[in-house]
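The values are calculated or read from the model by the stated rules, or taken from the named source; none is laboratory data. None of these values were measured; they are calculated from a predicted model. No Cβ is skipped: glycine too gets one built from the backbone with ideal geometry, and neighbour counts run over all protein chains shown.
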Amino acid sequence: MCRGPHVRTSGKRWNVDRCVVLVDAGYLLGAAASLLAGEAARSRITVDHAALIHGLRERAEEETEHPLLRIYWFDGAPDRVPQPEHRRLRVMPRVTVRLGALTRSDGRWAQKGVDAAMHAELTELARNRACSDIVLVTGDGDLLPGLMDAKEHGVAIHLWAVQAADGDFNQSEDLVAEADERRVLDRAWITRAVRAKEQGNQCAPLPETSSAPASAGAEDRAPAARNGGAAPPAPAPGAAGRAASDAGAPGTAEPAGTSGPRGVPTPKDLAGLGRAATAVQAGPQPVPGATLRWSSDKGWVDRGAPAQEPPETAALPMLAQLTSAEQRWADREEDITTVSGDPFEVGQVFARRWVERLSDPGLLPQLSAEYPRIPHRIDGELLRYAARFGLLAHKDDQIDEHDRYAIRAGFWREIDARGGTGGSPAAD
């Protein structure tokens with residue numbers, strides 16, 4: 001095929017050397033507010049839109065290796081009337097603003113029509129062969145049909161995420177699975193154009209910015225993570241897309257040296273940089289005295305509570321306590337895209353993560369000494385992790401005996417391979 005500026009196919013002109021960026025402003029700015037200010041309200045941040053657009057263009061051209069055709073900015077506004085930020089954006093070179101309606105219902109702001117507009121633009125660009133690469137900055141699973149349609153027309157899809165404040169996924173898992181390339185806009189990149197407002201509504205100074213965004217928002221839907229809303233009162237963050245947590249509060253240290261292909265980090269890159277801090281006790285603590293119930297040949301059985309274990313065994317850290325926010329993000333991506341869900345493999349993956357993140361290597365022999373019994377807290381966490389893959393969901397709400405055996409066998413096999421003394425697969 002000729003690599004000239006245009007190739008004619010089926011009578012249509014195909015720009016093979018152009019990329020297009022579609023930005024869901026509700027997702028981008030809502031998630032940025034969560035990361036920098038601790039909550040998804042866009043009123044908590046101030047944005048240098050010129051710097052943000054420049055950064056998006058620069059990164060898109062770097063990643064796709066094609067010049068930019070256009071950036072489409074999708075947002076909501078009351079009665080679709082452009083707000084000051086939209087007026088600034090729409091006169092910038094190669095920027096087109098598309099507005100949906102911003103409505104208030106039950107005390108919350110929600111945008112209507114933005115998803116449909118993004119879907120229509122995505123499919124039209126692909127069908128008209130207007131570009132070879134499309135960058136999507138969104139988390140909304142409603143765009144999945146349009147994404148798949150664009151892929152069928154030969155367009156490469158690049159899905160960009162905003163680094164989540166709490167390490168949870170703030171994008172649709174289906175979008176993640178279908179995208180050709182995935183990248184993360186991390187804190188270092190975001191803070192080039194976005195700042196958290198100081199307490200007392202005092203804004204940190206930003207060049208070429210006269211005011212904070214006046215309005216726009218996004219309707220929260222799980223698992224699409226549509227965090228948004230800037231016009232007071234601010235909308236609450238969605239269940240799957242919420243990113244407000246202590247990990248995103250102002251002053252959180254940023255991992256140094258973030259890198260990836262051509263300087264663009266992936267979720268796994270971010271996780272690798274966080275391993276130096278894995279000793280931080282970050283995970284949720286189990287309920288004291290809680291017991292785990294499972295099925296057996298004799299019916300329901302209660303396992304002993306943690307207090308019945310030796311103190312040194314009960315003190316073994318859970319995987320959640322060894323895992324940073326960045327690593328939780330990467331773990332979720334690996335679960336979606338790499339882990340098949342085979343019970344034995346699930347046990348191996350869990351054990352590998354636990355061993356790799358230990359700050360004290362002396363804890364591994366201590367765990368191995370418990371073979372064939374996995375310490376209570378870790379075993380419960382292992383089975384809850386396995387439940388994500390549908391292995392433990394049965395009509396009678398009981399845990400399948402064979403799956404349990406395979407999960408624990410995989411766990412001990414991996415522990416043994418990494419220097420433990422587990423030996424043969426675990427049995428109940």
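Against the criterion of being charged (D, E, K, R), closer than 23 Å to TRP329 by Cβ and surrounded by 23 or more Cβ atoms within 10 Å (Cβ to Cβ), ASP166 does not qualify. Cβ separations smaller than 8 Å between residues 6+ apart or across chains give the following pairs from region 142-165 residues that are in contact (Cβ under 8 Å) with a residue 60 or more places away in the chain and within 18 Å of TYR27 (Cβ to Cβ) to residues that are charged (D, E, K, R) and surrounded by fewer than 18 Cβ atoms within 10 Å (Cβ to Cβ): HIS158/ASP180; HIS158/GLU181. When each of ARG357, ARG418, ARG388 is tested for being in contact with a helix residue (DSSP H, G or I) (Cβ under 7 Å, 6 or more places away or on another chain), charged (D, E, K, R), modelled with pLDDT of 90 or more and closer than 27 Å to ALA330 by Cβ, the lone residue that passes is ARG357. Looking at this structure, is GLU58 surrounded by fewer than 21 Cβ atoms within 10 Å (Cβ to Cβ), within 25 Å of ASN170 (Cα to Cα) and out of contact with any helix residue (DSSP H, G or I) (no Cβ under 9 Å at 6 or more places or on another chain)? Here the answer is yes, as GLU58 does meet what is asked. Could you tell me whether ALA50 is touching a residue at least 24 places away in the same chain (Cβ under 8 Å) and either of a type in the set (S, T, N, Q) or within 12 Å of LYS197 (Cα to Cα) (or both)? No, not satisfied. Taken residue by residue, region 334-342 has no member that is at pLDDT 90 or above, assigned to a helix (DSSP H, G or I) and of a type in the set (S, T, N, Q). Restricting the first member to region 74-90 and to residues that are under 21 Å from VAL137 (Cβ atoms) and in the same structural domain as LEU29 (by TED's automatic domain parsing), and the second to residues that are crowded, with 23+ Cβ neighbours inside 10 Å and among the charged types (D, E, K, R), the beta-carbon pairs closer than 6 Å and six or more apart or on different chains are PHE74/ASP24. Here region 320-348 is the region considered, the condition is being over 13 Å from the mean Cα position of the chain (by Cα) and hydrophobic (A, V, I, L, M, F, W, C), and the residue that is surrounded by the most Cβ atoms within 10 Å (Cβ to Cβ) is VAL346.
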